[in-house]
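Okay, structure first, notes after.
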Amino acid sequence: MTADLAIEGVARRRVRARASGKVNLHLSVGPLADDGYHPLATVFQAVDLYETVTATARDDGAITLTMDWAPHLKDFASPVPLDETNLAWKAAEAVRRAFGIVDGVDLHILKGVPVAGGMAGGSADAAAALLACAEVWDCGVTRSDLHELAAGLGADVPFCLMGHTAIGLGRGEQLSPAMTHGEFHWVFAVQHSGLSTPTVFERFDQMVERGQIIPTDPAVNTEVMAALIAGDAGRLGAALSNDLKAPALDLAPGLASVIEVMESTATLGVVISGSGPTVAGLARSRQHALAIGAMITAAGVADVVVTASGPAAGAVLLER
Ligand code: C5P
């Protein structure tokens, strides 16, 4: 899991970790609470699109961050901050603070999850960076130590640590694993112009004020849970839902035609992932997902089309 890297005669410990992106199978959003967050009931599923974080220890206390794109996103590169505002950098700082570490780290991210798409790419970076930094600095942590740090970094980071399929309550950080059967195959229509999560939640609040949305107490969709246990993709497709669809469409009206095209293919169901703008379609098989992907590409309604399957693992250390 670790390697020693000889640079300028000094052995530097190096660790690689990876975490998956996600799709929300169902997202029920309650009214804005006093803490500035919205209570949620959601079902996350991790899909096999990966963020890979390499952490190389430095003894001068500095943190650096570099990034590359995985081949399927090479033509899609969007700007990502490579400074202390990046969630992976914040994750390294959080581990340092929690365990009294004075060493630094060179972080490198290989991006496989689309940026600002509602698929938790940044949160996956944070989850992988938490694991890699804890290992490279030999902190001797447990998963529950990391869960606590993850929740402090963002609502989706705990799920990116955990992976597979899970119910998320509270802000999304109160997780319980969901029973599932078999694999589910997805096609994602991704847009260059991302949507910011706080902006989508703000628009949700404005639409509540205008009476365009009547928020209810968030509740887990039992039909989604039953479809997952049965491994019934058709049933799951019919039950997919997201309360952030209306505000995402209000902010990005062009998404309506993406949804329409996706629905006109033989998908089992279509949903906006998280706060969007990625539109996810559920397919019968990996081949079916590729065929739908080709139709979306031909229709010219997405900047990039990506296929993936879930449930995928959470954050794991990789052997070199
Ligand atoms: O936790 P995270 O930093 O990812 O959340 C980004 C923003 O999204 C929050 O500051 C908040 O405005 C909004 N949010 C929310 N309710 C949630 C999760 C996120 O209002 N459950």
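General remarks:
- Fluctuation leader among PRO71, PRO215, PRO79 - the chain, Gaussian network, Cα springs under 10 angstrom: PRO79
- For segment 3-178, the fraction of alpha-carbon pairs lying more than 30 Å apart is 18 percent, rounded to a whole number.
- Rh by Kirkwood over Cα pairs, then Stokes-Einstein D for segment 213-285 at 1.306 mPa s and 10 °C, µm²/s: 121 µm²/s
- Converting phi to 3J(HN,Hα) with the Karplus coefficients 6.51, -1.76 and 1.60 and the offset θ = phi - 60°, segment 28-40 yields 10, 10, x, x, 3, 9, 5, 7, x, 10, 9, x, 10 Hz in sequence order, with x at every glycine or proline.
- Residue of SER20, SER285, SER28 that the Gaussian network model of the chain assigns the largest fluctuation, springs spanning Cα pairs under 10 Å: SER285
- Helical mean residue ellipticity (222 nm; -39500 (n - 2.57) per DSSP H run of 4+; nearest 500) of the chain: -10000 deg cm²/dmol
- Rule-of-thumb Rg ratio for segment 37-110 [Cα; 2.2 N^0.38 Å; N residues]: 1.35
- 5 angstrom amide H check on HIS26, placed H, neighbours 5+ away: VAL43, SER241
- The length gained by stretching the chain between GLU183 and LEU82 to full extension, at 0.36 nm per residue less their Cα-Cα distance, is 32.9 nm.
- 10 Å binning of all Cα-Cα separations within the chain, expressed as whole percents from 0 upward: 6, 28, 34, 22, 8, 2, 0
- In this structure, the amide hydrogen of ILE213, modeled 1.01 Å from its nitrogen in the peptide plane, lies closer than 5 angstrom to those of VAL208, counting only residues at least 5 positions away or on a different chain.
- At 1.306 mPa s and 10 °C, Stokes D of segment 196-320 from Kirkwood alpha-carbon radius, µm² per second: 98 µm²/s
- Solvent exposure of the chain as accessible area per residue, Å², 1.4 Å probe: 42 Å²
- Choice from LEU32, LEU175, LEU40 showing the highest fluctuation, given a GNM over the chain with Cα pairs closer than 10 Å: LEU32
- Calculated FRET value between ASP250 and HIS72, using beta carbons and R₀ = 25 Å, to 0.05: 0.25
- Solvent-accessible area of the chain (1.4 angstrom probe, protein heavy atoms only): carbon and sulfur portion equals 52 percent.
The values are calculated or read from the model by the stated rules, or taken from the named source; none is laboratory data. Treat the numbers as computed from the prediction; the structure is a model and nothing was measured. For neighbour counting, all protein chains shown are included, and Cβ atoms are generated from backbone atoms with ideal geometry for every residue, glycine included. Just so you know, the surface numbers come from the protein's heavy atoms only, side chains and all, with ligands and any DNA or RNA stripped out. Shrake-Rupley method; radii C 1.70, N 1.55, O 1.52, S 1.80 Å.
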